[in-house]
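First comes the structure, then the notes that go with it.
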Amino acid sequence: MPEEHNHGGSEHWEHVDIPDHYEVVIHGDHVHLGQFEPAHIGYYRQGEVLEQPQGMPPQIHPPEGFHWVGIPGHYDQHGNHTDYEAPHWGLHGQHS
């Protein structure tokens, strides 16, 4: 199904830049890098508050060369209500 490109209808969408980051898996007092998410544009409904991760990042020292980054709640496509990604913490850093 092609992505909807017009902003017609009753809903309007705002854009937010999502940085490249790794999803994380926490095991006790250390963290493992999960799936890599390349930088992309996220969408949220105009007039809604952009949800940010709550509180402080995990109190676990990230791997060398990485730092915690807050990923806001967003949709990967505007108008697609099934792909919402809740706000979460990820790791941003070297991936070469």
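The values are calculated or read from the model by the stated rules, or taken from the named source; none is laboratory data. Since the model is a prediction, treat every value here as computed from it, not as a measurement. For neighbour counting, all protein chains shown are included, and Cβ atoms are generated from backbone atoms with ideal geometry for every residue, glycine included. With ligands, DNA and RNA removed, areas are computed over all heavy atoms of the protein, side chains included. Shrake-Rupley method; radii C 1.70, N 1.55, O 1.52, S 1.80 Å.
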Exercise for the section: Could you check how many residues of the range 71-96 are of a type in the set (Gly, Ala, Ser) and open to solvent by less than 30 Å² (accessible area, probe 1.4 Å)? Expected result: 3
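Can you find a residue in the range 14-21 that is open to solvent by 70 Å² or more (accessible area, probe 1.4 Å) and either among the aliphatic types (A, V, I, L, M) or in a loop (DSSP other than H, G, I, E, B) (or both)?
Applying the first criterion (open to solvent by 70 Å² or more (accessible area, probe 1.4 Å)) to the range 14-21 yields 15, 17.
Cutting the leftovers down to either among the aliphatic types (A, V, I, L, M) or in a loop (DSSP other than H, G, I, E, B) (or both) gives us none.
Checked the range 14-21: no residue is open to solvent by 70 Å² or more (accessible area, probe 1.4 Å) and either among the aliphatic types (A, V, I, L, M) or in a loop (DSSP other than H, G, I, E, B) (or both).
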Completion exercise
Picked from the range 45-64 (must be within 12 Å of the chain's Cα centre (by Cα) and open to solvent by less than 50 Å² (accessible area, probe 1.4 Å)), the residue farthest from Pro87 (Cα to Cα) is Leu50
Practice task
State all residues of the range 62-96 that are in a loop (DSSP other than H, G, I, E, B), within 17 Å of His21 (Cβ to Cβ), of a type outside the set (Gly, Ala, Ser) and out of contact with any Asp or Glu (no Cβ under 9 Å at 6 or more places or on another chain); if no residue qualifies, say none.
Solution key: Pro62, Pro63, Glu64
